[in-house]
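Participant: Below is a structure I'd like to ask you about.
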Amino acid sequence: MNPFFKIDERIEKAADDALKMCREQFYNIDSITEYNQQKVLSAFIEYGISESHFVGSTGYGYGDRGRETLDKVWARVYGAEDALVRHNFTCGTHTLATALFGVLRPGDKMLCVTGTPYDTIHNVIGIKGEGMGSLKDFGVLYDEVPLKNERLDYEAIESAVDGSVTMVYIQRSRGYELRPSLSVSEIEKVVKISKKKNPDVIIMVDNCYGEFTEKTEPTEVGADLIAGSLIKNAGGGIARTGGYIAGRHDLVEKCAYRLTTPGLGKEVGATIDMNRELYLGLFYAPHTVGEALKSAVFISALFEHFGYSVTPRYNETRHDIVQSLGLENEESLVAFCQGIQKGSPVDSFVLPEPWDMPGYDNKVVMAAGAFTLGSSIELSADAPIRPPYYAWIQGGLNFHSAKLCALLAAQSMEDKGLLK
Ligand SMILES: *Cc1c(COP(=O)(O)O)cnc(C)c1O
């Protein structure tokens, strides 16, 4: 009997079984976490990080040693020449947009080879929306190579990357789609194929949700530029806002000119009191991502055990932290999200209901009880109310808390007579 929460014996029993199913994956995840933790630690030691790096700057932020060294540590961890890590990036979309606008010029062509990219990037590219100052408004051309049976279509990529393509754009994570995430070795294959056809092409990767899920990062296998959010994997659950760009020095510099202004670039940008938490976040990131991966594997095993269709399955190799569960009907989706919310450390008393979220065609129900608003390295679940009634789950600052949350989600379904 759980002394703190009411959980039926059937669910406790299923959790024990699910945990046994997870053993091998947990072992693999631990080995990745340990490797990445050492990678991060060695970079901290190499650059002699001390308390003086945590002191923030004000005003213009000239000569901020903490900020300048953080960029170097970050670059070392990601196997890149340079990095731009800033709390001033408002979100992942802003960071990706800064990189795209930083590097692309009128007449250049961006080619997305992972089908249509993540929703919020559509306005940036200009495949949606008008008059907002998209890449299209500035004369940047766009094309995409669709996925084939949900996987990269290497042949089509090879024929599409001709001399007219300036940038090959890759989305590593599945985002809110059911396709599998990309492994770093698949990304490497795209790099090789593309550079062979056009040695000058810039390979850019949307690295959101992918950081530290493998022992290598895209920049270590030839990607020229990567970008991501600090309130997902890369901030370790510590960073309260921000984003990062890493890659080739000349490209990162152009991104810095876009973030601040031409001429000023990386030289300015007061860090106020943010340095310490960005260092701490990077230090924690490999471990936190490991916890989020274990949480996803467990939730997958548990709900498969109950008889639901899940993707990825508990025993599949993962390249991002996203898990989806096919919960079969609206009532189950809502009950599931309400259970997740009940087990959250913040806002546990809130009852999520489906609502008409701006920009979505269907109602959406969301559960999030996070220390950082909108953080998805913290356990969160969301679901558009439409067939096939999938819930998307990601994050988990620590496995034990996320595991309990999953049991409460199952209990919430059971209480309504919905759990299979
Ligand atoms: C989250 C995400 C983004 C955008 O990040 P926001 O922080 O929500 O703006 C872009 N691409 C992928 C694959 C993501 O998961």
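The values are calculated or read from the model by the stated rules, or taken from the named source; none is laboratory data. All values derive from a computational prediction rather than experimental measurement. Every residue, glycine among them, receives a Cβ derived from its backbone with ideal geometry; neighbour counts consider all protein chains shown. In case anyone asks, the SASA skips ligands and DNA or RNA and just uses the protein heavy atoms, side chains included. Shrake-Rupley method; radii C 1.70, N 1.55, O 1.52, S 1.80 Å.
Participant: Might you let me know whether segment 291-304 holds any residue that is of a type in the set (Asp, Glu) and either under 16 Å from residue 378 (Cβ atoms) or within 16 Å of the ligand (Cβ to nearest atom) (or both)? First the steps, then the outcome.
Facilitator: The initial filter retains those residues of segment 291-304 that are of a type in the set (Asp, Glu), namely 291, 304.
In the following step, the residues that additionally are either under 16 Å from residue 378 (Cβ atoms) or within 16 Å of the ligand (Cβ to nearest atom) (or both) were identified as 291.
Yes, segment 291-304 contains at least one residue that is of a type in the set (Asp, Glu) and either under 16 Å from residue 378 (Cβ atoms) or within 16 Å of the ligand (Cβ to nearest atom) (or both).
Participant: Only residues that are at pLDDT 95 or above, within 13 Å of residue 337 (Cα to Cα) and not aliphatic (A, V, I, L, M): list them for segment 374-413, please.
Facilitator: 380, 389, 390, 392, 394, 405, 411, 412
Participant: Out of 176, 169, I need the residue that is under 28 Å from residue 278 (Cβ atoms), assigned to a loop (DSSP other than H, G, I, E, B) and within 16 Å of the ligand (Cβ to nearest atom). Which one? I'd like the intermediate steps shown before the answer.
Facilitator: On the way: 169 fails: assigned to a loop (DSSP other than H, G, I, E, B).
Selected residue: 176, the only one of 176, 169 that is under 28 Å from residue 278 (Cβ atoms), assigned to a loop (DSSP other than H, G, I, E, B) and within 16 Å of the ligand (Cβ to nearest atom).
Participant: Give the residue that is nearest to the ligand (Cβ to nearest atom), with candidates limited to residues of segment 106-125 that are part of a loop (DSSP other than H, G, I, E, B) and free of Cβ contacts under 8 Å to residues at least 60 places away in the same chain. Before the answer, list the steps.
Facilitator: In the first step, residues of segment 106-125 are kept if they are part of a loop (DSSP other than H, G, I, E, B); the result is 106-108, 113-118.
Still in the list and also free of Cβ contacts under 8 Å to residues at least 60 places away in the same chain: 106-108, 116.
Working: 106: 24, 107: 26, 108: 21, 116: 12 Å.
Per the stated criteria, the residue is 116.
Participant: Additional query: Check residue 23 against each of (1) touching a helix residue (DSSP H, G or I) at 6+ places or on another chain (Cβ under 8 Å); (2) open to solvent by 80 Å² or more (accessible area, probe 1.4 Å); (3) of a type in the set (D, E, K, R) and name the one condition it does not meet.
Facilitator: Only one criterion in (1) touching a helix residue (DSSP H, G or I) at 6+ places or on another chain (Cβ under 8 Å); (2) open to solvent by 80 Å² or more (accessible area, probe 1.4 Å); (3) of a type in the set (D, E, K, R) is unmet by residue 23, namely (1).
Participant: Ok, one more. One residue is enough: does segment 373-388 have a residue meeting the conditions free of Cβ contacts under 8 Å to residues at least 12 places away in the same chain, open to solvent by 20 Å² or more (accessible area, probe 1.4 Å) and not hydrophobic (A, V, I, L, M, F, W, C)? Write out each step before concluding.
Facilitator: Quick first cut of segment 373-388, residues free of Cβ contacts under 8 Å to residues at least 12 places away in the same chain only: 373, 387.
Next, from what is left, pick out any that are open to solvent by 20 Å² or more (accessible area, probe 1.4 Å): 373, 387.
Subsequent filtering for residues that are not hydrophobic (A, V, I, L, M, F, W, C) retains 387.
The answer is yes; a qualifying residue exists.
Participant: Name the single residue that is modelled with the highest pLDDT among those in segment 119-137 being open to solvent by 50 Å² or more (accessible area, probe 1.4 Å) and in contact with a helix residue (DSSP H, G or I) (Cβ under 8 Å, 6 or more places away or on another chain).
Facilitator: Here the residue is 136.
Participant: Is it true that some residue in segment 332-354 is surrounded by fewer than 15 Cβ atoms within 10 Å (Cβ to Cβ), of a type in the set (D, E, K, R), touching a residue at least 12 places away in the same chain (Cβ under 8 Å) and farther than 21 Å from residue 235 by Cα?
Facilitator: From segment 332-354, those surrounded by fewer than 15 Cβ atoms within 10 Å (Cβ to Cβ) are 345-351, 353; that's our starting set.
After this cut, where a residue has to be of a type in the set (D, E, K, R) as well, the list is 347, 353.
Right, trim to touching a residue at least 12 places away in the same chain (Cβ under 8 Å) and you get 347, 353.
Imposing the further condition that a residue be farther than 21 Å from residue 235 by Cα reduces the set to 347, 353.
Yes: one or more hits.
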